[in-house]
Amino acid sequence: MKPADLCKASSAWFGQGRGLFSDVVISSRIRLARNAAGFAFVPCLGADEKQTVLDTFKTALLGIELEGEIFFIDVAQVSPVERELLVERHLITRRQANGQGPRGVIVAYGEAFAAMINEEDHLRMQVLAPGLDLHSCWERINRIDDKIEAQVRYAFDRRYGYMTACPTNLGTGIRVSVMLHLPALKMTGQIEKVLAAARDCDLAVRGLFGEGTEAIGDLFQLSNQVTLGVSEARVVDDFVTRIVPKIAAYELEARKALLAERPQTLDDKIQRALGVLRNACLVSSQEALFLLSNVRLGVNLGRIEKLDLATVNELFMLTQPAHLQLRAGRMLDAEQRDSLRAQILRSRLCVN
């Protein structure tokens with residue numbers, strides 16, 4: 001499979017609009033960072049050593065049962081726009097896209113599992129699911145990790161745990177994260193208070209595409225920062241039983257308050273967004289995310305009929321720049337992308 005084949009539909013974990021707290025929690029993800037014993041970390045590896053690491057983990061991953069068909073993408077060999085597509089689909093990071101030398105990613109069909117080889121660490125694998133479903137993500141990635149460790153000896157210290165290139169991943173090497181849609185907290189001016197409280201609890205808050213990105217479209221990624229001295233199960237349980245339900249409750253209360261106290265303001269914002277998306281001839285990437293956020297809120301609150309959550313979720317991803325260009329089969333300038341994006345939005349959102 002080629003990266004271009006992925007752009008025809010949204011990832012199963014992102015676009016389905018189902019799962020626990022799916023009106024607030026778009027997706028769950030668990031990532032593990034691992035390194036092979038006997039090798040320096042990626043920034044200190046030469047091209048030949050990077051190739052050896054790539055071959056080692058590629059062989060191990062393609063040789064184990066991963067509950068479905070998987071394929072390998074050579075990130076070093078694909079085009080820049082194909083690398084950007086992989087970033088937009090959350091299969092690789094921008095760091096790996098812009099890296100040098102041998103590197104690749106293993107992807108399962110449906111994209112619920114992906115494993116970057118030679119990013120910051122030798123191996124960074126992730127399991128994703130729609131809604132709040134971190135326990136199943138952890139069970140699956142733990143099984144996969146055990147299968148790989150049976151073939152490849154990891155760099156591990158009895159005192160410090162799994163050795164990683166960045167000290168913030170030392171120990172368990174786990175990153176637990178959820179993607180949240182928090183438009184009502186933003187509209188009621190409570191978002192900064194909630195996010196500040198999350199940071200005080202040693203949680204990282206990022207935008208749609210991870211580190212260094214803004215929360216455009218009211219989409220926030222919330223993840224743990226502590227990996228040393230705490231078990232994987234404890235981190236997962238904290239997210240499932242304490243952190244995410246509390247934030248989701250704040251968002252749902254804010255939505256109720258808007259409906260009770262400012263229904264006309266709310267409806268105006270929702271219907272204006274839908275009207276622009278259904279009629280505009282040019283829509284920028286940032287404008288699409290902003291307007292789709294309001295439409296998604298309208299669907300969740302029952303203020304928009306005959307439009308399902310899965311369609312709106314899917315449009316967040318399918319209207320990104322690389323998706324548009326690979327769909328068109330050629331490079332597009334900004335105005336051409338804005339035109340194609342508007343065309344796709346009109347065709348998907350105009351319901352008779």
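The values are calculated or read from the model by the stated rules, or taken from the named source; none is laboratory data. Just so you know, these numbers come straight off a predicted model, no measurement behind them. So basically every Cβ, Gly included, is an ideal-geometry build from the backbone, and we count neighbours across all protein chains shown.
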Taking the stretch 196-212 and the residues there that are in contact with a helix residue (DSSP H, G or I) (Cβ under 9 Å, 6 or more places away or on another chain), part of a loop (DSSP other than H, G, I, E, B) and surrounded by fewer than 20 Cβ atoms within 10 Å (Cβ to Cβ), the one that is modelled with the highest pLDDT would be Cys201
_Tell me yes or no: at least one residue of the stretch 42-50 is in contact with an Asp or Glu (Cβ under 8 Å, 6 or more places away or on another chain) and over 26 Å from Asp238 (Cβ atoms)._
yes
When restricted to Gly110, Gly63, the only residue at pLDDT below 95 and either touching a Pro at 6+ places or on another chain (Cβ under 9 Å) or at positive phi (or both) is Gly110
The lone condition Ala33 fails out of (1) in contact with a Leu (Cβ under 7 Å, 6 or more places away or on another chain); (2) part of a strand (DSSP E or B); (3) small (Gly, Ala, Ser) is (1)
In the stretch 305-347, anything within 24 Å of the chain's Cα centre (by Cα), of a type in the set (Lys, Arg) and more than 14 Å from Leu291 (Cα to Cα) is listed as Arg327, Arg337
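Yes or no, residue by residue, for (1) buried (at least 17 other Cβ atoms within 10 Å of the Cβ); (2) touching a Cys at 6+ places or on another chain (Cβ under 7 Å); (3) not in a helix (DSSP H, G or I):
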residue	(1), (2), (3)
Ser27	yes, no, yes
Glu65	no, no, yes
Phe72	no, no, yes
Gly110	no, no, yes
Cys137	yes, no, no
Taking the condition farther than 23 Å from Trp138 by Cα, without any contact (Cβ under 8 Å) to a residue 60 or more places away in the chain, assigned by TED's automatic domain parsing to the domain that holds Ile174 and out of contact with any Pro (no Cβ under 8 Å at 6 or more places or on another chain), does Glu69 pass? no
In the set Ala114, Ala97, Ala76, the lone residue that is under 27 Å from Ala328 (Cβ atoms) and buried (at least 22 other Cβ atoms within 10 Å of the Cβ) is Ala114
Exercise for review: State yes or no: is Ala12 without any contact (Cβ under 8 Å) to a residue 24 or more places away in the chain and either surrounded by fewer than 18 Cβ atoms within 10 Å (Cβ to Cβ) or assigned by TED's automatic domain parsing to the domain that holds Gln225 (or both)?
Suggested key: no
Within the stretch 74-89, the residues that are in contact with a helix residue (DSSP H, G or I) (Cβ under 7 Å, 6 or more places away or on another chain) and assigned to a loop (DSSP other than H, G, I, E, B) are Val75, Val78, Arg89
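For (1) within 16 Å of Ala114 (Cα to Cα); (2) touching a residue at least 40 places away in the same chain (Cβ under 8 Å); (3) in contact with a Lys or Arg (Cβ under 6 Å, 6 or more places away or on another chain), each residue gets a yes or a no:
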{"position": "Trp138", "(1), (2), (3)": "yes, yes, no"}
{"position": "Ile141", "(1), (2), (3)": "yes, yes, no"}
{"position": "Lys147", "(1), (2), (3)": "yes, yes, no"}
{"position": "Ala150", "(1), (2), (3)": "no, no, no"}
{"position": "Tyr154", "(1), (2), (3)": "no, yes, yes"}
{"position": "Arg158", "(1), (2), (3)": "no, no, no"}
{"position": "Leu170", "(1), (2), (3)": "no, yes, no"}
{"position": "Leu182", "(1), (2), (3)": "no, yes, no"}
{"position": "Leu185", "(1), (2), (3)": "no, yes, no"}
If we ask which residues in the stretch 270-286 are closer than 25 Å to Glu305 by Cβ and surrounded by 15 or more Cβ atoms within 10 Å (Cβ to Cβ), their number turns out to be 9
If you go through Ser339, Ser284, Ser347, Ser293, the only one that is without any contact (Cβ under 8 Å) to a residue 24 or more places away in the chain and at negative phi is Ser347
Quiz item: Hey, any hits in the stretch 27-41 for a residue that's of a type in the set (A, V, I, L, M, F, W, C) and at pLDDT below 95?
Solution: no
All-but-one check, Ala129 against (1) touching a helix residue (DSSP H, G or I) at 6+ places or on another chain (Cβ under 6 Å); (2) outside any helix (DSSP H, G or I); (3) modelled with pLDDT of 95 or more, failing number (3)
Exercise for the section: Check the stretch 270-279 and report whether any residue there is farther than 20 Å from Ile344 by Cβ, more than 22 Å from the chain's Cα centre (by Cα) and polar (S, T, N, Q). Expected result: yes
Scanning the stretch 234-250 for residues that are among the aliphatic types (A, V, I, L, M) and touching a residue at least 40 places away in the same chain (Cβ under 8 Å), the one surrounded by the most Cβ atoms within 10 Å (Cβ to Cβ) turns out to be Ile247
